[in-house]
1. So which lysines pass the test for residue 30, namely a Cα distance under 27 Å, with those fewer than 8 places away in the same chain ruled out?
2. Among the lysines, select those whose C-alpha is under 23 Å from the C-alpha of residue 43, and discard any that sit fewer than 8 residues away in the same chain.
3. Using a Gaussian network model of the chain whose springs link C-alpha atoms within less than 10 Å, name the residue from 36, 104, 73 with the highest mean-square fluctuation.
4. Where is the GNM fluctuation largest for the chain (alpha-carbon springs, 10 angstrom cutoff): 74, 14, 40?
5. May I ask you to give the percent of accessible area on the chain that is carbon plus sulfur, with a probe radius of 1.4 Å?
6. Considering only 32, 5, 90, whose Cα is most displaced toward the positive end of the charge dipole of the chain, charges sitting on Cβ of Lys, Arg (+1) and Asp, Glu (-1)?
7. Which whole-number value in Å² is the accessible area per residue of the chain, probe 1.4 Å?
8. Which residue, 42, 54, 65, tops the fluctuation ranking in a GNM of the chain built on C-alpha contacts under 10 Å?
Amino acid sequence: QVQLVESGGGLVPAGGSLRLSCTASGINFKIANMNWYRQAPGKQREFVASITSGGRLNYTDSVMGRFTVSRDWARNRLYLQMNSLKSEDTAVYYCNTFYRKEWWGQGTQVTVSS
């Protein structure tokens with residue numbers, strides 16, 4: 001059974017930073033492409049960032065230069081370092097991967113106060 005468990009969310013003032021973590025189990029993390037998504041109130045879930053098994057990075061335009069995705073191979077962890085946070089970054093952030101089917105974590109709330 002695949003499990004993705006996010007942590008690290010919270011309340012932060014605009015301009016602040018947070019680091020989200022996602023611990024993965026039940027998959028071969030070394031070959032998994034990993035993604036971060038977010039869903040703001042009243043909006044559809046959207047792609048934020050990804051890191052492939054080969055280390056290739058991809059970001060949505062709105063977070064480019066502010067967010068950094070990384071992974072710890074030894075600990076089966078995915079990270080999202082978020083700097084210069086804006087109120088529009090307020091959302092529930094989800095860890096995601098595809099292994100035989102799509103898997104999602106439970107999400108972690110990020111609230112940026114203006």
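The values are calculated or read from the model by the stated rules, or taken from the named source; none is laboratory data. Keep in mind the model is a prediction, meaning the values are calculated, not measured. Note that each Cβ is placed from the backbone with ideal geometry, even for glycine, and that neighbours are counted across all protein chains shown. These accessible areas exclude ligands, DNA and RNA; they are computed on the full protein's heavy atoms, side chains included. Shrake-Rupley method; radii C 1.70, N 1.55, O 1.52, S 1.80 Å.
1. Cross-link targets: 101.
2. Qualifying lysines at Cα under 23 Å: 86.
3. 73
4. Fluctuation is largest for 74.
5. Values: 2870 of 6150 Å².
Answer for the chain: carbon and sulfur cover 47 percent of the accessible area.
6. It is 32, whose Cα lies furthest towards the positive end.
7. Working: 6150 Å² over 114 residues.
Dividing the accessible area of the chain by its residue count gives 54 Å².
8. Of 42, 54, 65, the Gaussian network model singles out 42 as fluctuating most.
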